[in-house]
Amino acid sequence: MSLHVDAGHPTRAPMPPSRRHVRPRPGRSFMTWLDLKAAPYLLVSPYYLLFLVFGLFPLAFTLYYSFFDYDLTGTVEWTGLGNFTALLDDAAFWRAVVNTLAMFVIATVPQILLALLLANALNKRFKLQLFVRLGVLLPLVTSVVAVAVVFTQLYGRDWGVVNWVLGWFGADPIDWKAERLPSWLAIATMIDWRWTGYNAIIFLAGMQTIPKDLYEAASIDGASRRRQFWQITVPMLRPTMIFVVLNSTIGGLTLFSEPTTFYNGNVHGGTNSQFQTVSMFIFEQGFREFDYGYASAAAWLLFLLILIGSAINFLLIRRIGGNK
Amino acid sequence: MTTLSAPTQTRRRRKAPGGTGSLWTATPMTRLILAVTIIISAFPLYYMIVIASRTNTEATDMPPPFLPGGKLGENIQRVLTNPDAHYMTGLTNSLIISATVTISVVVISTFAGFAFARLKFKGGKILLLLVLLTMMVPLQQMGQVPLYRLMVNLEWVGSIKAVILPFLLNGFGVFLMTQYTEQAVPNELVEAARVDGASTLRIWWNVILPAVRPGMGVLGINTFMLNWNEFMWPLIVLNPDNPTVQVAINSLNAKYGTDYVLIFSGTLLSILPLIVVFILFGRQIIGGLMEGAVKA
C-alpha cells in the first residue's frame, strides 16, 4: 500500500518550475491513475471476462433450463421442479448414479493404497531416479481415449490378453462389457493405470516434506518400518491426502471418456447402460434426446453429488489422520 | 528442477554421518515394486505399437502377438487416408487448438498471477477466492447445454473457435501463477522497480516475466496436454468432418470397431506429440507436479 502512496503523490506535489507549464499534466495524472489504480484490475480482467461468458453465464442458464421441458418438436414449457422430480423417479438416472459411485469406489480405494505404497518405494534411495519417476508417470501422458482403446482390446472377449491370461488358470472367457461388475472392474483398471503413478508422485512430494528425524527417532525406539509407515508417514501426509482424494472425487464422479470409448464411442454405456455414468447420462439426454431441461437438471444433481462426495471424503480423511 | 534434486541431496548428506541410512536404502522389495510398476506403466503403450504394426488376422490370433510386426507404415497410411476419420485435419486442429489455448492461458494467468501476488488492490482477496471456488465446479458438465446453444446462436458449431474459447477459462492457471509469483519474485524487487519509476507493465515485462518463466513452462506443458486430450466438448461441438484428433479416433472406433490395427495406429499417432513433450520436458513436469502438490 505504501508503494502506491509514494509513487502517486509526486504528481500532485509542487513540480519543478520548468515543468509547471507543461500541458499534459492532466493526461499524466490519468496515466498514473491508470498505471497504479486501474492496472491490477486490467491485469485480472481477461480471466473474469472469460469467466463471465464461459463460466457464470452457462451455470446460470443451466439452472434456468432445468425449469423447462424441451421436446424434439421444439416446444418449450415451464415445468418448475418437474425435471428434478422426474429424475428422482427415473430408474435410468439412478442406475447411472450407482454405476458412477461403484466405479469411483472400485477405482479409488485401491488406487490410493497402491499410490501410497509406490510413493513409499519412490522415497527410497536408488539409481536412475529420474528415469524411474518418469516411468511411473508415463501413463499420464497417454490420452484418455488412447488408454481406453488399448484396454478395450485387452479386455476383449474373444482375442483379449486378459481373458487369455485367465485361461491359464482354467477360467472361462469373460464378456467384460456385458455385465455390470466386470465392466466396472475393466473401467476401474483404466482409471487406475492412468492415475496411480500421478498420485504416487504427489504423495512423494508430500513425503519429502516430512522431517527425517521423526523416522530416525522412531527406529531408535524400535518401531518397525511398517509401523513407521502407518504411524508417521500416513498421518503426516494428511494435507496431501486431502488434495489427492478431492481431486479423485471430482474426476471420478465426472467420469466420461473411458466408459464412452469402452462402448465404441457410444454414450449409452452398454446394451443395458450397465456402465453409463452420470456424465454420459447428461450427454445422452442433452445431445441425443435433445431434452435440454432434463440434462440441465441432471447436471445440477451431479454437482450436488460432487459436493456431498467431497464433503464425506474430506471428513473421512480428517478422521483417519486424527486417530493416528 | 531444483526442487527435484534438492531433497535427494539433503538426504544423501544426512545419511553419511547419521548411520541410519539403512532406513532409506532401497530393499529388494522396493526394487521389485518399482520394476513391476514400470512394466505395467509401459505395457499398454508397448502393446499399442505391437498391434499397430500387425495385420488384423495377427491381432486376433490366440495367443495374442507380443512382438511388433512390420506393417506400421502401411497401417498409418491407412489411417491418414481413411475417408471417415479426417485424421490429418484432426491432428492439425488439435495442434492449433492446444497451442492457441496454451499461449493464451499462460499469458492471462501470468498477468493475473502478478496482480494477485504483488499488486495490492481493493477486492483482490475476494477475487482470488472466487477463482479457487470456481475450480471446484465441474464446468464441463454443468455448462455444456447453454454453451452448446450459445455456439449454435453464434453459428460456431463445427468450427474450432467453439473449442478454443471456452478452454481459455482456466482457474488452475491463475492459481498456479499467483503461487509461483509470490514465491519467485520478492516484494522488494517490485518496490525497487516502482521507485525507479517503472510502470506496471514495465515491471511485468522486466521483473516478473524473467522470474516466473519456469512456472509458465509447467503451466504451459500442463495446459497443452490437457487440451490435446480433451474429448467430451469437442465431441459435442465439432462435426466428424472437422474433428480434433480424439474425435477422429472416436469416429474410427465407432465405424471400424473390429479393425483393430487401424484404430491402434490412429491412437499411436495421436500420442506421439505427447511422448515428445514428455521426453523433452519430463524433468520439468515432475518438478512442477511435486512443487504444486506441496503448496496446495
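Residues considered: A:S310, A:S296. Of these, the only one that is under 25 Å from B:M136 (Cα atoms) and within 16 Å of the chain's Cα centre (by Cα) is A:S310. With the structure loaded, tell me whether A:V162 is at pLDDT 90 or above and more than 30 Å from A:N266 (Cα to Cα) or whether it fails that test. Against the criterion (at pLDDT 90 or above and more than 30 Å from A:N266 (Cα to Cα)), A:V162 does not qualify.
Every listed requirement among (1) crowded, with 21+ Cβ neighbours inside 10 Å; (2) farther than 25 Å from B:L147 by Cβ; (3) away from chain A (no Cβ under 11 Å) is met by B:P243 save one, (2). Kindly indicate the residue of region A:51-101 that is touching a strand residue (DSSP E or B) at 6+ places or on another chain (Cβ under 8 Å) and in a helix (DSSP H, G or I) and also surrounded by the most Cβ atoms within 10 Å (Cβ to Cβ) among those meeting that condition. Per the stated criteria, the residue is A:N83.
Would you pick out the residues in region B:217-232 that are within 13 Å of chain A (Cβ to nearest Cβ) and not aromatic (F, W, Y)?
B:I221, B:N222, B:M225, B:L226, B:N227, B:N229, B:E230, B:M232
Per the conditions (1) in contact with a Ser or Thr (Cβ under 7 Å, 6 or more places away or on another chain); (2) crowded, with 21+ Cβ neighbours inside 10 Å; (3) of a type outside the set (D, E), the sole criterion not satisfied by B:P68 is (2).
Only residues that are more than 24 Å from A:L246 (Cα to Cα) and not polar (S, T, N, Q) were counted across region A:262-311, and they come to 18.
For A:A107, are the conditions met, namely being under 26 Å from B:F264 (Cα atoms), of a type outside the set (V, I, T), at pLDDT below 90 and buried (at least 20 other Cβ atoms within 10 Å of the Cβ)? The answer is no for A:A107.
For region A:123-142, the criterion of a residue being at pLDDT 90 or above, outside any helix (DSSP H, G or I), under 19 Å from A:T271 (Cα atoms) and not small (G, A, S) is satisfied by no position. Can you spot a residue in region A:117-125 that is within 30 Å of A:E179 (Cα to Cα), assigned by TED's automatic domain parsing to the domain that holds A:G309 and in contact with a helix residue (DSSP H, G or I) (Cβ under 8 Å, 6 or more places away or on another chain)? No. Residues that are out of contact with any Pro (no Cβ under 8 Å at 6 or more places or on another chain) and either modelled with pLDDT of 95 or more or acidic (D, E) (or both) within region B:74-91 comprise just one, B:E74.
In this entry, A:G55 is excluded by the filter for residues that are at pLDDT 90 or above and either more than 30 Å from B:I208 (Cβ to Cβ) or in contact with a Leu (Cβ under 9 Å, 6 or more places away or on another chain) (or both).
Determine, yes or no, whether B:Q179 is crowded, with 18+ Cβ neighbours inside 10 Å and in a helix (DSSP H, G or I).
So B:Q179 fits the description; yes.
When restricted to residues that are farther than 16 Å from B:I271 by Cβ and of a type outside the set (S, T, Y), region B:32-67 contains 19.
Test A:F281 against the criterion of being part of a helix (DSSP H, G or I), surrounded by 22 or more Cβ atoms within 10 Å (Cβ to Cβ), more than 9 Å from chain B (Cβ to nearest Cβ) and not β-branched (V, I, T), and give yes or no.
yes
Being in the same structural domain as A:T249 (by TED's automatic domain parsing), acidic (D, E), out of contact with any Cys (no Cβ under 6 Å at 6 or more places or on another chain) and surrounded by 17 or more Cβ atoms within 10 Å (Cβ to Cβ) holds for only one residue in A:D175, A:D192, and it is A:D192. In the set B:I271, B:I236, B:I279, B:I208, only one residue is farther than 30 Å from B:P146 by Cβ, touching a helix residue (DSSP H, G or I) at 6+ places or on another chain (Cβ under 7 Å) and within 9 Å of chain A (Cβ to nearest Cβ); that residue is B:I271.
Taken as a whole, the condition of being modelled with pLDDT of 90 or more, within 11 Å of chain A (Cβ to nearest Cβ), out of contact with any strand residue (DSSP E or B) (no Cβ under 9 Å at 6 or more places or on another chain) and farther than 30 Å from B:S265 by Cβ applies to B:L128.
A quick yes/no check of all residues on (1) at the interface with chain B (Cβ under 9 Å from one of its Cβ atoms); (2) surrounded by 22 or more Cβ atoms within 10 Å (Cβ to Cβ); (3) among the basic types (K, R):
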position: A:H268; (1), (2), (3): no, no, no
position: A:T277; (1), (2), (3): no, yes, no
position: A:I308; (1), (2), (3): no, no, no
position: A:L315; (1), (2), (3): no, no, no
position: A:R319; (1), (2), (3): no, no, yes
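For region B:152-175, residues that are surrounded by fewer than 22 Cβ atoms within 10 Å (Cβ to Cβ), aliphatic (A, V, I, L, M) and in a helix (DSSP H, G or I) total 4. All of B:T102, B:T110 fail the test of being touching a residue at least 60 places away in the same chain (Cβ under 8 Å), within 12 Å of chain A (Cβ to nearest Cβ), closer than 24 Å to B:W228 by Cα and crowded, with 20+ Cβ neighbours inside 10 Å, apart from B:T110.
Assessment of region B:218-237 against the conditions (surrounded by 20 or more Cβ atoms within 10 Å (Cβ to Cβ) and not in a helix (DSSP H, G or I)) yields at least one matching residue. Only one of the numbered conditions (1) over 30 Å from A:V278 (Cα atoms); (2) surrounded by 16 or more Cβ atoms within 10 Å (Cβ to Cβ); (3) in contact (Cβ under 8 Å) with a residue 12 or more places away in the chain is violated by B:L91, and that is (1). Among the residues of region A:176-231, those identified as part of a loop (DSSP other than H, G, I, E, B) and under 30 Å from A:T260 (Cα atoms) are A:W176, A:K177, A:A178, A:E179.
Listed here are the residues, each with its yes/no results for (1) touching a residue at least 12 places away in the same chain (Cβ under 8 Å); (2) within 13 Å of another protein chain (Cβ to nearest Cβ); (3) among the β-branched types (V, I, T).
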position	(1), (2), (3)
B:T181	yes, yes, yes
B:P186	no, no, no
B:V190	yes, yes, yes
B:L201	no, yes, no
B:V212	yes, no, yes
B:G215	yes, no, no
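All of A:T209, A:T260, A:T249, A:T240 fail the test of being at pLDDT below 90 and surrounded by 19 or more Cβ atoms within 10 Å (Cβ to Cβ), apart from A:T240. Take the conditions (1) within 28 Å of the chain's Cα centre (by Cα); (2) farther than 16 Å from A:P46 by Cβ; B:A112 misses just one of them, which is (2).
The values are calculated or read from the model by the stated rules, or taken from the named source; none is laboratory data. The model shown is predicted, which means the values in this text are computed figures rather than measured ones. Glycine also receives a Cβ, built like all others from the backbone with ideal geometry; neighbour counts cover every protein chain displayed.
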